[in-house]
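Chemist: One structure coming up, written as structure tokens, with questions to follow.
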């Protein structure tokens, strides 16, 4: 099963603590061969000084396949870790 993972940060919100941010990531999974969409949705990720924590509940609700769950979790965490220094809170106007 060859799958393409597409991620894009939609918004960055303040978390429950001062050192925490909630990042809402638009996620799309496609089959590479046919281009058919497997999943489209928003997955929340909590970012703090202690690490990057993807919402396991959101991923479990989205996928029944263990492969897709673990691969999405791993790739999404890696994507946010690389962007961590550039995640600024959204401006409320």
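Chemist: Of the residues 24, 30, which single one is within 18 Å of residue 62 (Cα to Cα) and either assigned to a loop (DSSP other than H, G, I, E, B) or under 11 Å from the mean Cα position of the chain (by Cα) (or both)?
Modeler: Residue meeting the stated conditions: 24.
Chemist: Looking at region 62-93, which of its residues are within 19 Å of residue 39 (Cα to Cα), free of Cβ contacts under 8 Å to residues at least 24 places away in the same chain and in a loop (DSSP other than H, G, I, E, B)?
Modeler: 64, 65
Chemist: Let me ask something else about it. What number of residues within region 28-61 are in contact with a strand residue (DSSP E or B) (Cβ under 7 Å, 6 or more places away or on another chain), touching a residue at least 12 places away in the same chain (Cβ under 8 Å) and under 18 Å from residue 2 (Cα atoms)?
Modeler: Result for region 28-61: 8.
Chemist: Let me ask something else. Can you tell which of 25, 45 is surrounded by 13 or more Cβ atoms within 10 Å (Cβ to Cβ), in contact with a helix residue (DSSP H, G or I) (Cβ under 6 Å, 6 or more places away or on another chain) and modelled with pLDDT of 95 or more?
Modeler: Selected residue: 45, the only one of 25, 45 that is surrounded by 13 or more Cβ atoms within 10 Å (Cβ to Cβ), in contact with a helix residue (DSSP H, G or I) (Cβ under 6 Å, 6 or more places away or on another chain) and modelled with pLDDT of 95 or more.
The values are calculated or read from the model by the stated rules, or taken from the named source; none is laboratory data. Bear in mind that the values here come from a model prediction, so they are computed numbers and not experimental data. Here the Cβ is made from the backbone with ideal geometry for all residues, glycine too, and neighbour counts use every protein chain on show.
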